[in-house]
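Asks: Dropping the structure in here first, questions after.
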């Protein structure tokens, strides 16, 4: 193998060595920047729903939560171990892969969709309600359990869930209303300790469930418990609108939307979250500079070799 071939192979290996991790960092950066615009798109789509369809949806949701509340035993499946499991909700007004709501956690910079059924595909795109627990619509005596990865390919998700402390806010935006939950405590449980997820009679609860610790093999589960108190619901960051659209000419659907700029500017993001974001953006920028510089040097080398070959022919 001559020197020229070795150099070409060397450049190709360097480019691949930069490009492969850069792809992951690019995905992390894009998802971070796109989360707000995706939330706005969800709100715009919700406003197009026909009022009659929305009413039927609410009736189905109420019936589902009643059924779950009356079940003596909850059939709960660990979403991180049963990758192929798909739940059957039998909800006619909600599509299987439709976004049900949005969850916003300012302290750890989370703005992600919530799906029904914690399947592999849903957890790859956002968070998901675990079958056998209440839907995320609020109500005394209910406990909705939302699953999310502790970091995943191309997204940080609940990487810093352990940073949440008592009093921190979790917002559930379901289109027509915004529910505010306040963190009360955290627990570390065994992966199959589903008794810890039982609802409490007089409380409206939300529980985040993720892997613990955040490195393989993830033997345990971290729970972040939060409660909703009707007398403490914050309206400071919530905008209300009722616009007419082609799909909804009467403008009867009132949409509540969180003012993200106002909310985030008033909330102290955890230091670990800030450092993680800075590292991701910095590595992405440096990666692209290194990639373009290496490609530039490779092209110059090829041109130089081409000129040298022409001169030899003369």
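The values are calculated or read from the model by the stated rules, or taken from the named source; none is laboratory data. Everything quoted here is computed from the prediction, not taken from an experiment. For neighbour counting, all protein chains shown are included, and Cβ atoms are generated from backbone atoms with ideal geometry for every residue, glycine included.
Asks: Quick one: which residue in 310, 252, 257 is at pLDDT below 80 and closer than 16 Å to residue 178 by Cα?
Replies: 257
Asks: Kindly indicate which of 273, 180, 207 is modelled with pLDDT of 95 or more and in a strand (DSSP E or B).
Replies: That would be 207, the only listed residue that is modelled with pLDDT of 95 or more and in a strand (DSSP E or B).
Asks: Same structure, new question: So which residues in the stretch 11-25 are surrounded by 15 or more Cβ atoms within 10 Å (Cβ to Cβ) and either more than 18 Å from residue 282 (Cβ to Cβ) or without any contact (Cβ under 8 Å) to a residue 40 or more places away in the chain (or both)?
Replies: 11, 14, 15 - these are the residues of the stretch 11-25 that are surrounded by 15 or more Cβ atoms within 10 Å (Cβ to Cβ) and either more than 18 Å from residue 282 (Cβ to Cβ) or without any contact (Cβ under 8 Å) to a residue 40 or more places away in the chain (or both).
Asks: Given the conditions (1) modelled with pLDDT of 85 or more; (2) crowded, with 17+ Cβ neighbours inside 10 Å, and given that residue 74 satisfies all but one, which numbered condition is not satisfied?
Replies: (1)
Asks: Does residue 149 satisfy the condition of being surrounded by 21 or more Cβ atoms within 10 Å (Cβ to Cβ), under 12 Å from the mean Cα position of the chain (by Cα), farther than 18 Å from residue 179 by Cα and without any contact (Cβ under 8 Å) to a residue 60 or more places away in the chain?
Replies: no
Asks: Given 49, 99, which one is surrounded by 14 or more Cβ atoms within 10 Å (Cβ to Cβ) and in contact with a strand residue (DSSP E or B) (Cβ under 8 Å, 6 or more places away or on another chain)?
Replies: When all the criteria are applied, what remains is 99.
Asks: Considering only the stretch 25-46, I want to know if a residue exists there that is closer than 30 Å to residue 194 by Cα and in contact with a helix residue (DSSP H, G or I) (Cβ under 9 Å, 6 or more places away or on another chain).
Replies: no
Asks: Is it fair to say residue 177 is over 15 Å from residue 106 (Cβ atoms) and surrounded by fewer than 21 Cβ atoms within 10 Å (Cβ to Cβ)?
Replies: For residue 177, the condition - over 15 Å from residue 106 (Cβ atoms) and surrounded by fewer than 21 Cβ atoms within 10 Å (Cβ to Cβ) - is met.
Asks: Can I ask one more? If only one of 155, 168, 109 is assigned by TED's automatic domain parsing to the domain that holds residue 76, in contact with a helix residue (DSSP H, G or I) (Cβ under 8 Å, 6 or more places away or on another chain), touching a residue at least 40 places away in the same chain (Cβ under 8 Å) and on the phi > 0 side of the Ramachandran plot, which one is it?
Replies: From the options 155, 168, 109, the qualifying one is 109.
Asks: A further question on this structure: Residue 68 - would you say it is within 30 Å of residue 304 (Cα to Cα) and either touching a residue at least 24 places away in the same chain (Cβ under 8 Å) or more than 19 Å from the chain's Cα centre (by Cα) (or both)?
Replies: For residue 68, the condition - within 30 Å of residue 304 (Cα to Cα) and either touching a residue at least 24 places away in the same chain (Cβ under 8 Å) or more than 19 Å from the chain's Cα centre (by Cα) (or both) - is not met.
Asks: Let me ask something else. Quick check on my filter: what residues within the stretch 267-281 are surrounded by 12 or more Cβ atoms within 10 Å (Cβ to Cβ) and farther than 14 Å from residue 159 by Cβ?
Replies: Result: 267, 281.
Asks: In the stretch 191-219, which residues are exposed (fewer than 14 other Cβ atoms within 10 Å of the Cβ) and within 23 Å of the chain's Cα centre (by Cα)?
Replies: 213, 215, 216, 217, 219 - these are the residues of the stretch 191-219 that are exposed (fewer than 14 other Cβ atoms within 10 Å of the Cβ) and within 23 Å of the chain's Cα centre (by Cα).
Asks: Could you please let me know if residue 185 is at pLDDT 85 or above, surrounded by fewer than 21 Cβ atoms within 10 Å (Cβ to Cβ) and assigned to a loop (DSSP other than H, G, I, E, B)?
Replies: no
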